[in-house]
Structures are given as structure tokens and as C-alpha cells.
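Novice: The structure is given below, and queries will be raised subsequently.
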Amino acid sequence: MNEIIRIAQKEIGQVEKPVNSNKTKYGKWFGLDGVAWCGIFVSWCYAQAGFPLPKIGFPKGYAGCQTAVAYFKKNGMTTTSPVEGDIVFFDWNSDGRYDHTGIFVKWITTDTFETIEGNTAVGNDSNGGQVMRRNRSKKTVIFVNVSV
């Protein structure tokens, strides 16, 4: 199994404390606790797996989806054929602004896939406060191959 996925799976069930605070061990590690942490979670998983992301706005990776998508596009790292451990960004309302990010696990069907995401919940996809396994549609997403 991909090391990034193995690390992320161990985190399923983690929640921010206190509730609705955006305070997590990932934010403490990143040096930016108390902010939306989906990108921070992805950066943490990559670092723990021994594949730290480059400086994408911050020394330990990325916190903002817009900055990260711009970086990955500029460096030719987007893909339509993600593999286990790749990064995925979501544009929920199709406005060209990416709202959330997670780690690609596997395809379920030709149109749906499994992820592990930080700061999500059923009913609050982008700021739900939990690490969860989610099933998502490939509509309005961008995949990034980080080649680890």
C-alpha cells in the first residue's frame, strides 16, 4: 500500500478540538493552527510518509487551495489519471475556485472515487472538522500527480 495512504488511514476519526475551532495537531505541526486545515492535513500526510511537499505558500507545503492549484498547474503536475496517493482539489460550485482538497485513494466507478480528507464531514464538505474517508464524483475536480 502507498505510504501516504497508510499514514492518512491511521488519521481517520481525528477531529479538531474544541469543535469548530480548526485546532488540530496538523495545524500545530504546520505552524498555522486554528485555520481551515484540509491542505495542511494533506501536507502533513506527505511529510509523515517521507515525501514532504515543496514550499507552496508555506515552508511545509500548502494551506490554501488556490495557491496550491496554481503551483501544480504551473509545474505541469495535473493529471486525468490519478494514482493512489495523488492529491485532489474540489470546486464544489464550478466557479473556478477550488474549495477543498484531499488524497486520492482509488476509483470506485468510472465517475466516482474514494478519498481521505481532513476538515470534512457529511453535511459540511469543506470545513467539517474531521478526517474521513469519502466517496466523491469526478465532476469539478482537478487531480495532481506528485510522483512519489
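Novice: With the cut-off at 26 Å, tell me which of the pairs LYS10/LYS106; LYS28/LYS55; LYS10/LYS74; LYS23/LYS139; LYS28/LYS106 have Cα atoms farther apart than that. Please list the in-between numbers first.
Specialist: On the way: LYS10/LYS106 17 Å; LYS28/LYS55 17 Å; LYS10/LYS74 32 Å; LYS23/LYS139 30 Å; LYS28/LYS106 29 Å.
Result: LYS10/LYS74; LYS23/LYS139; LYS28/LYS106 exceed 26 Å.
Novice: For a Förster distance of 30 Å, can you work out the FRET efficiency between the beta-carbons of VAL15 and THR109, rounded to the nearest 0.05? If you can, show how the numbers build up before the last one.
Specialist: Numbers: r = 29 Å, r/R0 = 0.98.
For VAL15 and THR109, the calculated efficiency is 0.55.
Novice: What's the local net charge at ASN2, with K and R +1, D and E -1, over the other residues with C-beta under 15 Å away?
Specialist: On the way: positive: ARG6, LYS10, LYS106, ARG133; negative: GLU3, GLU11, GLU84, ASP86, GLU114.
With Lys, Arg at +1 and Asp, Glu at -1, the net is -1.
Novice: For the range 82-148, what's the radius of gyration and Dmax over Cα atoms, in angstrom?
Specialist: That works out to 11.2, 32 Å for Rg and Dmax.
Novice: Still on this model: Given +1 on the Cβ of Lys and Arg, -1 on the Cβ of Asp and Glu, and no further charges, what dipole in debye does the range 19-82 carry about its Cα centre, rounded to the nearest 20? If you can, show how the numbers build up before the last one.
Specialist: Numbers: 7 positive and 1 negative charges, 17 e Å.
I would put it at about 80 debye.
Novice: Add +1 for every Lys or Arg and -1 for every Asp or Glu among the other residues with Cβ under 14 Å from the Cβ of ASN135, and state the total.
Specialist: Combined, the nearby Lys, Arg, Asp and Glu give +2.
Novice: Are there any trypsin sites (Lys or Arg not before Pro) in the range 1-101 that are in a DSSP loop and have at most 13 other Cβ atoms within 10 Å? List them by number. Walk me through the intermediate numbers first.
Specialist: Numbers: sites: ARG6, LYS10, LYS23, LYS25, LYS28, LYS55, LYS60, LYS73, LYS74, ARG97; in loops: LYS23, LYS55, LYS60, ARG97.
Answer by residue number: LYS55, ARG97.
Novice: Oh, and also: Return the calculated 222 nm mean residue ellipticity for the chain, to the nearest 500 deg cm²/dmol, obtained by summing -39500 (n - 2.57) across DSSP H runs with n ≥ 4 and dividing by the residue count. Don't skip to the answer; put the middle values down first.
Specialist: Values: 4 runs with 36 residues, N = 148.
Computed mean residue ellipticity for the chain: -7000 deg cm²/dmol.
Novice: At a 10 angstrom cut-off on C-beta neighbours, averaged per residue, how do the peptides 76-82, 115-121 rank from highest to lowest? Please list the in-between numbers first.
Specialist: Numbers: 76-82: 13.6, 115-121: 24.9.
Peptide ranking by packing, descending: 115-121, 76-82.
Novice: With a 1.4 Å probe and every protein chain left in place, work out the accessible area per residue of the chain in Å², rounded to a whole number. All intermediate terms of the calculation are to be shown ahead of the outcome.
Specialist: Numbers: 7060 Å² over 148 residues.
Ligands and nucleic acids excluded, the figure is 48 Å² per residue.
Novice: On average, how much area does the Cα convex hull of the range 1-126 cover when viewed from any direction, in nm²?
Specialist: Values: hull surface 31.4 nm².
So the Cα hull casts an average projection of 7.9 nm².
Novice: Express the Stokes-Einstein translational diffusion coefficient of the range 47-100 in µm² s⁻¹, to the nearest whole number, given a Kirkwood radius over alpha-carbon pairs, 20 °C and a viscosity of 1.002 mPa s.
Specialist: Numbers: Rh = 12.2 Å.
Approximately 176 µm²/s, per Stokes-Einstein.
Novice: Once neighbouring chains are kept in place and the probe is 1.4 Å, which whole percent of the accessible area of the chain is contributed by carbon and sulfur? Let's see the in-between values first.
Specialist: Values: 3570 of 7060 Å².
Answer for the chain: carbon and sulfur cover 51 percent of the accessible area.
The values are calculated or read from the model by the stated rules, or taken from the named source; none is laboratory data. Bear in mind the structure is a predicted one, so any value in this text is a computation, not a measurement. We place every Cβ from the backbone using ideal geometry, glycine too, and count neighbours over all the protein chains shown. Side chains are part of the model used for accessible areas, which takes the heavy atoms of the whole protein and leaves out ligands, DNA and RNA. Shrake-Rupley method; radii C 1.70, N 1.55, O 1.52, S 1.80 Å.
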